[in-house]
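J.: Pasting a structure below so you can have a look.
The values are calculated or read from the model by the stated rules, or taken from the named source; none is laboratory data. This is a predicted model, so every value here is computed, not measured. As a convention, Cβ positions derive from the backbone with ideal geometry for all residues, glycine included, and neighbour counts pool all protein chains shown.
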Amino acid sequence: MVLKLYSAPVVGAGAAIVALTLAEKQVPFEFVPVDFAAKEHKTEKYMAMHPFGQVPVIDDDGFVVYESRAICRYIAHKYANRGSNLLPEGLKERALVEQAAAVEYATFHPAVVAIAKEVVYKPRLGLPLDQAAIDEAVKELSAKLDVYEVILGKHRFLGGDEFSLADLCHYGYAPMLADYGIDIMTTKGPNVTRWWNELISRPTWVKLKADGLKSTTY
């Protein structure tokens, strides 16, 4: 039975990193769109899979996993010998990737989500922007990227010299920023700019953005 991915039909947030992981690992899947307008994510049937009524969710032949980073790790482990090596086997190499992934979740993610809430989601809800909040959120993300500039001066990617799950998790919200006039990912410093340009030009990401979320076969 082919793996099923349940999500809103948008390449963004958790769905973006899960779909990208599936693409990097060359895992076929069936895309099952969730209709948020109809509150499908709050139905009893859906909440039996995700008790918080959120997306994404995967159903891998009856084994259900929610929370995007947990899904990505599951896929990376299950298909370790297929596609890109997102989680290295070596103890020290894995520790560095997990360290970088923890940094993304604890520091980068909250900062970039704070911006996205203001510039991406408020307009969709017809709410006025709070420029002071935007400025403060951008300042916070800028401080995090100053540290990234140092880290990326030591190796090509955040967890070492190979692309890994730690880098992949940044695709959730950061690519949206430039679409809304915030070019911070390519203006902070040469190391961050190099790294980010390499990420957004990665063939799997370019194809995912062009094709959108849809069922795939390999």
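J.: Could you say which residue among Ala76, Ala101 is of a type in the set (A, V, I, L, M, F, W, C), part of a helix (DSSP H, G or I) and touching a Cys at 6+ places or on another chain (Cβ under 8 Å)?
T.: Ala101
J.: Across segment 60-86, what is the number of residues that are more than 19 Å from the chain's Cα centre (by Cα) and surrounded by 18 or more Cβ atoms within 10 Å (Cβ to Cβ)?
T.: Qualifying residue count for the region: 1.
J.: Would you check if there is a residue in segment 167-181 being more than 14 Å from the chain's Cα centre (by Cα), surrounded by 15 or more Cβ atoms within 10 Å (Cβ to Cβ) and not polar (S, T, N, Q)?
T.: No: segment 167-181 contains no residue that is more than 14 Å from the chain's Cα centre (by Cα), surrounded by 15 or more Cβ atoms within 10 Å (Cβ to Cβ) and not polar (S, T, N, Q).
J.: Pro51: closer than 18 Å to Leu208 by Cα and at pLDDT 95 or above, yes or no?
T.: no
J.: I'd like to check something: does segment 128-138 contain any residue that is in the same structural domain as Arg194 (by TED's automatic domain parsing), touching a Pro at 6+ places or on another chain (Cβ under 9 Å) and either surrounded by fewer than 12 Cβ atoms within 10 Å (Cβ to Cβ) or of a type in the set (Ser, Thr, Tyr) (or both)?
T.: yes
J.: Same structure, new question: Would you check if there is a residue in segment 84-93 being free of Cβ contacts under 8 Å to residues at least 40 places away in the same chain, farther than 18 Å from Thr217 by Cα, hydrophobic (A, V, I, L, M, F, W, C) and assigned to a loop (DSSP other than H, G, I, E, B)?
T.: no
J.: May I pose another question? Please go through segment 195-218 and give me each residue that is within 14 Å of the chain's Cα centre (by Cα) and of a type in the set (Phe, Trp, Tyr), ordered by number.
T.: Answer for segment 195-218, where residues must be within 14 Å of the chain's Cα centre (by Cα) and of a type in the set (Phe, Trp, Tyr): Trp196, Trp205.
J.: Among the residues of segment 118-127, write down those that are part of a helix (DSSP H, G or I) and surrounded by fewer than 16 Cβ atoms within 10 Å (Cβ to Cβ).
T.: Passing the criteria: Tyr121, Pro123, Arg124.
J.: Report yes if Val34 is among the aliphatic types (A, V, I, L, M), within 23 Å of Ile200 (Cα to Cα) and more than 15 Å from the chain's Cα centre (by Cα), otherwise no.
T.: So Val34 does not fit the description; no.
J.: I'd like the residue in segment 21-41 that is more than 22 Å from Gly62 (Cα to Cα) and of a type in the set (A, V, I, L, M) and, out of all such residues, is modelled with the lowest pLDDT.
T.: So, considering only residues that are more than 22 Å from Gly62 (Cα to Cα) and of a type in the set (A, V, I, L, M), the one modelled with the lowest pLDDT is Ala37.
J.: Next up: Testing Leu145 on (1) aliphatic (A, V, I, L, M); (2) in contact with a Gly (Cβ under 9 Å, 6 or more places away or on another chain); (3) touching a residue at least 60 places away in the same chain (Cβ under 8 Å), one condition comes back false. Which one is that?
T.: Just one mismatch for Leu145, condition (3).
J.: Looking only at segment 4-27, which residues are free of Cβ contacts under 8 Å to residues at least 60 places away in the same chain and either surrounded by 21 or more Cβ atoms within 10 Å (Cβ to Cβ) or aromatic (Phe, Trp, Tyr) (or both)?
T.: Listed by number, the residues that qualify are Tyr6, Val18.
J.: Taking the options Glu162, Glu149, name whichever one is over 17 Å from the mean Cα position of the chain (by Cα), on the phi < 0 side of the Ramachandran plot, surrounded by 14 or more Cβ atoms within 10 Å (Cβ to Cβ) and not in a loop (DSSP other than H, G, I, E, B).
T.: Exactly one residue qualifies, and that residue is Glu149.
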